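The values are calculated or read from the model by the stated rules, or taken from the named source; none is laboratory data. Fair warning: this is a prediction, and the values are worked out from it, not measured in the lab. Each accessible area value is taken on the protein alone, full model and side chains, heavy atoms only, with ligands, DNA and RNA left out. Shrake-Rupley method; radii C 1.70, N 1.55, O 1.52, S 1.80 Å.
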Amino acid sequence: MKKVITILAVLCFSTSALAAQSITTTTSIGGGSFTPSAKVGISITSAANSYTATSCHVSGKKEFGSAGGTGITNTLTDTSKIYSKAIPAQQANATVCVPTATNSATAGPDGAWQ
């Protein structure tokens, strides 16, 4: 999971700006192609110098999140840390996990992250 979030961070910094995105299938990021692992959903928001990302697996018990760059305003500012919390409720028979949405490139994921 840490590898996925690290890859996303690198790709996000290679673009000038992205709106909030949910990634569940192959997508183009920073001119390259990225596909999350099976049953994994990712939510990411980035700006020129910062990002927030969350991800989860549909069979998991936790989701994971990270934030980094300049201007991060909450406690999730250490890019060397991957935070976790209980996975959000999923639809019955979901095939891909839907993580907590990232709403800002500078505020970090919302909720009770540890």
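Karplus couplings for the stretch 47-57 from phi (6.51 cos²θ - 1.76 cosθ + 1.60, θ = phi - 60°), rounded to Hz, Gly and Pro as x?
So the Karplus estimates, Gly and Pro as x, are 10, 4, 10, 7, 8, 9, 8, 9, 8, 7, 10 Hz.
Output ³J(HN,Hα) for the stretch 28-43: one whole-Hz value per residue in order, computed from phi by the Karplus curve 6.51 cos²θ - 1.76 cosθ + 1.60 with θ = phi - 60°, and x for Gly and Pro.
9, 10, x, x, x, 9, 9, 10, x, 4, 4, 6, 9, x, 10, 10
Full extension from Ala94 to Asn49: what is 0.36 nm times the residue separation minus their Cα-Cα distance, to one decimal in nm?
This chain segment gains 12.8 nm when fully extended.
Ser22: accessible area at probe 1.4 Å, nearest 10 Å²?
Probe radius 1.4 Å; accessible area of Ser22 about 100 Å².
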